[in-house]
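In what follows, a single structure is set out as structure tokens and then discussed.
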Amino acid sequence: MTSQIEENNQIQVDFSDISLARQLFGEHNGNLKLVAEALDVAINSRGTTVNIQGDPIEIKLAENILSQLYGLIKDKFPIYPNDVDYAIRLLSGDDRIKLKDIFLDTVYITSKKRSITPKSLGQKAYIDAIRKHDISFGIGPAGTGKTYLAMAMAVSAFSKGEVDRIVLTRPAVEAGEALGFLPGDLTEKVDPYLRPLYDALHDMMRFEKVATLMNKGIIEVAPLAFMRGRTLNDSFVILDEAQNTTSEQMKMFLTRLGYGSKAVITGDITQIDLPSGKLSGLIQTKEILQNVKGIKFIFFSKKDVVRHKLVREIIRAYEELEERKNGQKSQ
């Protein structure tokens, strides 16, 4: 790949391999259009060469984005429009970031041969924290991959023989965990609350394999109330929606951890559904456990959202609403 700076605020970049260049440019130059629109530059292609014209700073940023994406493609990493969007956000925030350090850190390869990798600095820090610590917390808004990446790390650890079982749990807060009052058998009672965990699990492993492992008790998906009185050894344990735990429930869960186990606790402290006056166990742990050795807290922001770009705007709008409410209260 070579680049040549010309007059009139434009630069010409040549990507030597025509096949790789086509992957970079995208169908109907779709990837180039994404970069051009995001940075307000003009990008035109001919053969393996692109010409970028616009503000000098944005030109260099566009060149950096395209060059690093081209390097990923050379390393056999498939580029999709979402990846282009993530690259734009990452490098717009810090042009010194190396995309390979993030995108090529494969967490797990699914049964459909799709690689699960981090897509933001927050996600990269999160999986590194899970690798290095026995208890990790992922706190932040919806769409940041907290549960999905934790699930991928759990399945990866199990497939490598690092743990003997996977335990997935979340509080059934809408039912007050009084599951006996709900209609149906146990599965029918808890399914509505655990469905997101099943969905993530089935996205990574074949349905038949999941069913077999669950029948053997190797994978367990259960409401938080079922954790009481147990000791979980050689397990990878995930507590999802932890903002809806009470202080007592959180203490109960954290003290279930046995030898050779890891625990990941995820939650969004802006989405608490507990009754008024009940303190969230997640908020309390954030205040009292941050300095405990062996425990790591990772805090996500809207920059780490990896869903539709409108989700980021929705989160931003709600944050601004909350700030206005807090400002009115302080007056």
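Restricting attention to the stretch 174-196, does a residue exist that is at pLDDT 90 or above, surrounded by 13 or more Cβ atoms within 10 Å (Cβ to Cβ) and among the hydroxyl-bearing types (Ser, Thr, Tyr)?
Restricting attention to the stretch 174-196, the residues satisfying the condition of being at pLDDT 90 or above are none.
For the stretch 174-196, residues at pLDDT 90 or above, surrounded by 13 or more Cβ atoms within 10 Å (Cβ to Cβ) and among the hydroxyl-bearing types (Ser, Thr, Tyr): absent.
THR106 passes every criterion in (1) under 30 Å from MET214 (Cα atoms); (2) open to solvent by less than 30 Å² (accessible area, probe 1.4 Å) apart from (2). Being among the aliphatic types (A, V, I, L, M) and touching a strand residue (DSSP E or B) at 6+ places or on another chain (Cβ under 7 Å) is a property that ILE127 lacks. Go through the stretch 64-77 and give me each residue that's closer than 17 Å to LEU90 by Cβ, open to solvent by 20 Å² or more (accessible area, probe 1.4 Å) and in a helix (DSSP H, G or I). Hits for the stretch 64-77 are ASN64, SER67, GLN68.
Rundown of residues vs (1) over 33 Å from the mean Cα position of the chain (by Cα); (2) surrounded by 16 or more Cβ atoms within 10 Å (Cβ to Cβ), yes/no style:
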position: ILE11; (1), (2): yes, yes
position: ALA21; (1), (2): no, yes
position: LEU24; (1), (2): no, yes
position: GLU27; (1), (2): no, no
position: ALA36; (1), (2): no, yes
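Remark: pairs (first residue in the stretch 59-84, of a type in the set (Ser, Thr, Tyr); second residue part of a helix (DSSP H, G or I); Cβ separation under 7 Å; 6+ apart in sequence or on different chains) = TYR70/LEU20; TYR70/LEU24. Against the list (1) part of a helix (DSSP H, G or I); (2) open to solvent by 70 Å² or more (accessible area, probe 1.4 Å); (3) in contact with a helix residue (DSSP H, G or I) (Cβ under 8 Å, 6 or more places away or on another chain), the condition ASP95 fails is (1). Among the residues of the stretch 98-116, those identified as part of a loop (DSSP other than H, G, I, E, B) and aliphatic (A, V, I, L, M) are LEU104, VAL107. Restricting the stretch 38-63 to residues that are in contact with a helix residue (DSSP H, G or I) (Cβ under 6 Å, 6 or more places away or on another chain) and of a type in the set (S, T, N, Q), the residue that is least open to solvent (accessible area, probe 1.4 Å) is THR48.
The values are calculated or read from the model by the stated rules, or taken from the named source; none is laboratory data. Remember, predicted model here, so these are calculated numbers, not experimental data. In this analysis, Cβ positions are derived from the backbone assuming ideal geometry, glycine residues included, and neighbour counts consider all displayed protein chains. Heads up: the accessible areas ignore ligands, DNA and RNA and are worked out on the full protein's heavy atoms, side chains in. Shrake-Rupley method; radii C 1.70, N 1.55, O 1.52, S 1.80 Å.
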